[in-house]
Amino acid sequence: MVDLLDQKQEMLEKQLKARGITNQRVLDAMMEVPREEFISKDLVEYAYRDAPLPIDEEQTISQPYIVALAAEILDIREDEKVLDVGTGSGYAAAVMSELGKEVYTIERHKSLAESASKRFERLGYDNIYILHGDGTEGWPEHAPFDAINVAAGGPRIPEDLKEQLAPGGRMVIPVGSQIRTQRLVLTTRNNGQFSERDLGRVQFVPLIGTGGWVNREAKEE
Ligand code: SAM
């Protein structure tokens, strides 16, 4: 029998605090969300491993550190609205829902969107709204967003997402000319101007859609 609470505590110390995650609200949210509920039963013993893990549709649940890093950089306040592009398992959306007021999350794979939706309901996340569709187009009906988290890498920052950023809004997005390696970029909107900061090299699954890669490019890789 694996002791998940011990593993979660160790994840907090060795993967997050040791790598510079300091925001107590982020650390609390990472302790609160049960990652084991977002993966298949046969992977539960690896729930707090320092790595992404496979989920359906050849996608992954993000590494805990990457979710915490995005949350720390986005500095989501309690009254803020968040857009999460690439729901996957729903883990990052759940962490961000502990930090902000509402999370709007979009997933291009119908089966993943459906299972994440059921998971949110079962676990009682009633401030997360999910859409099956192309997240590179954002969710205009609910814009603007104070924070946007993009969990898949594209060749550029989608214009629709920039437009849906509120004044003072922050977006983290992996961007790169290679399909499977990117730089994590922080885009901030202030006084109608966008500024960008490079946060280092990352490896995300491809962002596929009108503002990302076309599906054929991702398959040819
Ligand atoms: N944060 C998620 C989690 O913790 O489970 C991880 C998501 S996974 C790294 C990235 C997800 O982005 C995949 O599920 C993939 O299908 C999705 N995706 C890729 N392109 C997308 C797009 N244009 N719109 C919505 N989802 C997209």
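Suppose we filter segment 116-137 for residues that are more than 12 Å from the ligand (Cβ to nearest atom) and in a strand (DSSP E or B); how many remain?
2
Taking the options Gly86, Gly90, Gly133, name whichever one is without any contact (Cβ under 8 Å) to a residue 40 or more places away in the chain and touching a Lys or Arg at 6+ places or on another chain (Cβ under 9 Å). Can you show your working first?
Values: Gly86 fails: without any contact (Cβ under 8 Å) to a residue 40 or more places away in the chain; Gly90 fails: without any contact (Cβ under 8 Å) to a residue 40 or more places away in the chain.
Residue meeting the stated conditions: Gly133.
Within segment 66-82, work out how many residues are free of Cβ contacts under 8 Å to residues at least 40 places away in the same chain and surrounded by fewer than 22 Cβ atoms within 10 Å (Cβ to Cβ). Walk me through it before giving the result.
Pass one, segment 66-82, residues free of Cβ contacts under 8 Å to residues at least 40 places away in the same chain: 67, 78-79.
Those left that are additionally surrounded by fewer than 22 Cβ atoms within 10 Å (Cβ to Cβ): 78-79.
Of the residues in that region, 2 qualify.
Looking only at segment 45-54, which residues are touching a helix residue (DSSP H, G or I) at 6+ places or on another chain (Cβ under 6 Å) and surrounded by 15 or more Cβ atoms within 10 Å (Cβ to Cβ)? Working first, answer last.
In the first step, residues of segment 45-54 are kept if they are touching a helix residue (DSSP H, G or I) at 6+ places or on another chain (Cβ under 6 Å); the result is 47-48, 50, 53.
Passing the criteria: Ala47, Tyr48, Leu53.
Considering segment 52-108 alone, what residues qualify as being within 9 Å of the ligand (Cβ to nearest atom), within 15 Å of Arg170 (Cα to Cα) and among the charged types (D, E, K, R)?
Of everything in segment 52-108, just one residue is within 9 Å of the ligand (Cβ to nearest atom), within 15 Å of Arg170 (Cα to Cα) and among the charged types (D, E, K, R), namely Asp84.
Mind listing whichever residues of segment 150-206 are charged (D, E, K, R) and within 12 Å of the ligand (Cβ to nearest atom)? Walk me through it before giving the result.
First, the residues of segment 150-206 that are charged (D, E, K, R): 156, 159-160, 162-163, 170, 180, 183, 189, 196-198, 201.
Within segment 150-206, Asp160, Arg180 qualify.
Would you point out which residue out of His142, His109 is surrounded by fewer than 19 Cβ atoms within 10 Å (Cβ to Cβ) and modelled with pLDDT of 95 or more? Let's see the steps before the verdict.
On the way: His109 fails: surrounded by fewer than 19 Cβ atoms within 10 Å (Cβ to Cβ).
Step by step, each of His142, His109 is checked, and only His142 is surrounded by fewer than 19 Cβ atoms within 10 Å (Cβ to Cβ) and modelled with pLDDT of 95 or more.
Do any strands (runs of 3 or more DSSP E) entirely within segment 164-218 hold 3 or more residues that are in contact (Cβ under 8 Å) with a residue 12 or more places away in the chain and in contact with a Gly (Cβ under 9 Å, 6 or more places away or on another chain), and if so, which?
On the way: elements: 165-175, 182-190, 193-202.
Where strands (runs of 3 or more DSSP E) fall fully within segment 164-218 and carry at least 3 residues being in contact (Cβ under 8 Å) with a residue 12 or more places away in the chain and in contact with a Gly (Cβ under 9 Å, 6 or more places away or on another chain), they are 165-175, 182-190.
Name the residues in segment 150-163 that are outside any loop (DSSP other than H, G, I, E, B) and buried (at least 22 other Cβ atoms within 10 Å of the Cβ), would you? Explain how you work it out, then say what you get.
Applying the first criterion (outside any loop (DSSP other than H, G, I, E, B)) to segment 150-163 yields 150, 153-154, 159-163.
Hits for segment 150-163 are Val150, Gly153, Gly154, Leu161.
Go through segment 29-115 and tell me which strands (runs of 3 or more DSSP E), entirely inside it, have 2 or more residues that are touching a Cys at 6+ places or on another chain (Cβ under 8 Å).
Numbers: elements: 53-55, 59-61, 81-85, 102-107.
Strands (runs of 3 or more DSSP E) meeting the threshold: none at all.
Are any of the residues in segment 138-146 in contact with a strand residue (DSSP E or B) (Cβ under 6 Å, 6 or more places away or on another chain) and among the aliphatic types (A, V, I, L, M)?
For segment 138-146, residues in contact with a strand residue (DSSP E or B) (Cβ under 6 Å, 6 or more places away or on another chain) and among the aliphatic types (A, V, I, L, M): absent.
The values are calculated or read from the model by the stated rules, or taken from the named source; none is laboratory data. Keep in mind that what you see is a predicted model, and the values were worked out from it rather than measured. Positions of Cβ are backbone-derived with ideal geometry, glycine not excepted, and every protein chain shown enters the neighbour counts.
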